[in-house]
Amino acid sequence: MTAKIIDGKLFAESLRGRIAGHVERLQREHGITPGLAVIIVGEDPASQVYVSNKAKQTAEVGMNSYKHELPADIQEAELLALIRQLNADLQVHGILVQLPLPRHIDPNKVIEAIDPAKDVDCFTPANVGKVQIGLPGPVSCTPLGCLMLLRDQLGSLEGKSAVIVGRSNLVGKPMMQLLLRDNCTVTVAHSRTRDLAAVVRQADIVVAAVGRPQMIKGDWIKPGAVVIDVGINRVPAPERGEGKTRLVGDVDTAAAAAIAAAITPVPGGVGPMTIACLLANTITTASLINGLAPPDDLTA
Ligand code: NDP
């Protein structure tokens, strides 16, 4: 079997098209323009790129984008004061603080300061709990993107055996909740799992979120499985010239693609879905803040 390569870039583009439609409808029917505020502290180049992309895509779907750039030596209290100000701002429906933060700032304090109603990253304990019990609200962006790709590929996920490799709060754990809600039988593997290859071989669905380049081998994949590779790892690429690098996932894509039914590439798979789902969450929060039901096609 040669796997279908799941085009996350294309799917994200069509998702942004649907999001733009929802923005237009919120404006036309309710006079609401969703607004997303992004806070960046310091000048980490990778974070600068992420934040610029987020701001650009926010504006492209017709939402208001508010960017707050703060110096690396800002006091924690000042950052918390800005978050309180944004919590109270009626034009702002989503607040995102780009991580990582400088060491003198406690990220947990910052996350807990965000009004859960505007927590579009789904980091606050209140929203993590809502996902767990199935209440409406924002859903962790990367797992939501993975879920959308899986539903698009498989239709119903009911009864499928899903193995998630990685148990982080950012990816593995929320992914577990979402797949459970879609009636999968879910196994979460991690660094202490015994015979990981045998565990992965049982899976109709594999979600790899480890952060180790090409760790999951082709012969670990069950024939016909769908493989979602969340990993983003930069590795040396001497074939491209001295000092050059390239991105690879957590799965040996070429080998796995010979066995799987479908697989996401890296780059161009899950990555583009994450920002699109941030925008989807902003529609969800803007709807809920205004007492409206969030659109079904943008959430879990
Ligand atoms: P974390 O480092 O927070 O978690 C990694 C997980 O992998 C941990 O649960 C760890 O287990 C597990 N793990 C580590 N080594 C092994 C091993 N040898 N065997 C089995 N499990 C192992 O990473 P994140 O979840 O934040 O990110 C994972 C990857 O996804 C990274 O490459 C990251 O860059 C990428 N990512 C991509 C995004 C996207 O938009 N595409 C968004 C977010 C992340 P334990 O808990 O036991 O330590």
Check: So, of the residues in segment 189-220 that are of a type outside the set (A, V, I, L, M) and within 10 Å of the ligand (Cβ to nearest atom), which turns out to be most open to solvent (accessible area, probe 1.4 Å)?
Finding: Arg192
Checklist line | Condition met for Ala254 (away from the ligand (no atom under 15 Å from the Cβ) and part of a strand (DSSP E or B)) | finding: no
Item checked: All positions within segment 275-296 that are open to solvent by 10 Å² or more (accessible area, probe 1.4 Å), more than 17 Å from Pro143 (Cβ to Cβ), in a helix (DSSP H, G or I) and touching a residue at least 24 places away in the same chain (Cβ under 8 Å) -> Leu288, Ile289
Notebook entry, point to check: Does segment 162-184 contain any residue that is in contact with a helix residue (DSSP H, G or I) (Cβ under 7 Å, 6 or more places away or on another chain), polar (S, T, N, Q) and within 20 Å of Cys122 (Cβ to Cβ)?
Noted result: yes
Next item on the list: Taking the options Arg246, Arg234, name whichever one is more than 10 Å from the ligand (Cβ to nearest atom), assigned to a strand (DSSP E or B) and open to solvent by 40 Å² or more (accessible area, probe 1.4 Å).
Entry: Arg246
Notebook entry, point to check: For segment 115-182, list the helices (runs of 4 or more DSSP H) that sit wholly inside it and hold at least 1 residues that are within 11 Å of the ligand (Cβ to nearest atom) and modelled with pLDDT of 95 or more; which are they?
Noted result: 141-154, 172-181
Note to self: I'm told Gly42 meets every condition in (1) surrounded by 15 or more Cβ atoms within 10 Å (Cβ to Cβ); (2) within 18 Å of Thr284 (Cα to Cα) except one. Can you identify the failing condition by its number?
What the structure shows: (2)
Checklist line | Failed condition for Val186, given (1) within 16 Å of the ligand (Cβ to nearest atom); (2) in a loop (DSSP other than H, G, I, E, B); (3) in contact with a strand residue (DSSP E or B) (Cβ under 7 Å, 6 or more places away or on another chain) | finding: (2)
Notebook entry, point to check: Somewhere in segment 221-231, is a residue open to solvent by 40 Å² or more (accessible area, probe 1.4 Å) and either free of Cβ contacts under 8 Å to residues at least 60 places away in the same chain or near the ligand (Cβ under 10 Å from one of its atoms) (or both)?
Noted result: yes
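The values are calculated or read from the model by the stated rules, or taken from the named source; none is laboratory data. Worth saying up front: this structure is predicted, and the values here are computed from it rather than measured. Glycine also receives a Cβ, built like all others from the backbone with ideal geometry; neighbour counts cover every protein chain displayed. SASA here: full protein model, heavy atoms, side chains in, ligands and nucleic acids out. Shrake-Rupley method; radii C 1.70, N 1.55, O 1.52, S 1.80 Å.
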